1. Please go through the stretch 29-49 and pick out each residue that is closer than 19 Å to Lys84 by Cβ and in a helix (DSSP H, G or I).
2. What's the total number of residues in the stretch 143-171 that are buried (at least 17 other Cβ atoms within 10 Å of the Cβ) and either touching a residue at least 60 places away in the same chain (Cβ under 8 Å) or of a type in the set (S, T, N, Q) (or both)?
3. Any idea which residue in the stretch 82-131 is modelled with the lowest pLDDT, counting only those that are among the aliphatic types (A, V, I, L, M) and either in a helix (DSSP H, G or I) or touching a strand residue (DSSP E or B) at 6+ places or on another chain (Cβ under 7 Å) (or both)?
4. Looking at Gly142, Gly157 in this structure, which one is at positive phi and either modelled with pLDDT of 85 or more or assigned to a loop (DSSP other than H, G, I, E, B) (or both)?
Amino acid sequence: MKGKSNTAPHTGDHLDAEALYRAHAEFVARFLLRLGAHGQDVPDLVQEVFLVAHRRGGFTVGRAKPTTWLAEISFRVFSDRRKKSRRKLEDADSETVTVAPSHASSPSERAEKRQALERVQSALDALTPEKRTVFILYELEGESCDAIATGLGIPVGTVYSRLHSARRDFTRAHERLADETPSASPAPGAVAGARA
């Protein structure tokens, strides 16, 4: 006789940790990177998120969406890891964040795209973790304020307040970074060096 799991399998109104992992592991990894996790830490953090989801008995469909529920767990796991290691929030692993298929046709276009992605990540890094979580879920993942409030267990008014403040802070940081960025045309040697 096989051992019994303490979570229900995937049903119409319930997702166990395995079903959640299959459906949302990529979302959790992307969310952790945007929170500021280093690429090499993401697999361990993702595993920890889904272990917590398993311990909580999986996700039961209600007012929250699985992604906002997992975002709340991800935020807590990431925050706990930072506290335990007693280190400051570090810059996100820009190598991992900016690795994406590029349809740019020239090295200069790829360099411009990379700089733009790095500016976005740096502007995200300028936000407090609470503001960053709401901003990512709303602006980048397309979640509603009601779903975010339910998933994070906070009042919807707090979501609106954090979102408003995060948008303002993000815009300021992004504009400052754009002003500091030298012109996008790389020196001829830089392009040759990038190919090497």
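The values are calculated or read from the model by the stated rules, or taken from the named source; none is laboratory data. Predicted, not measured: the structure shown is a model, and the values here were computed from it. Cβ coordinates were reconstructed from backbone atoms using ideal geometry, including for glycine residues, and neighbour counts include every protein chain displayed.
1. Leu32, Leu35, Gln40, Asp41, Val42, Pro43, Asp44, Leu45, Val46, Gln47, Glu48, Val49
2. 6
3. Among residues in the stretch 82-131 that are among the aliphatic types (A, V, I, L, M) and either in a helix (DSSP H, G or I) or touching a strand residue (DSSP E or B) at 6+ places or on another chain (Cβ under 7 Å) (or both), the one modelled with the lowest pLDDT is Val97.
4. Just a single option satisfies the conditions, and that option is Gly142.
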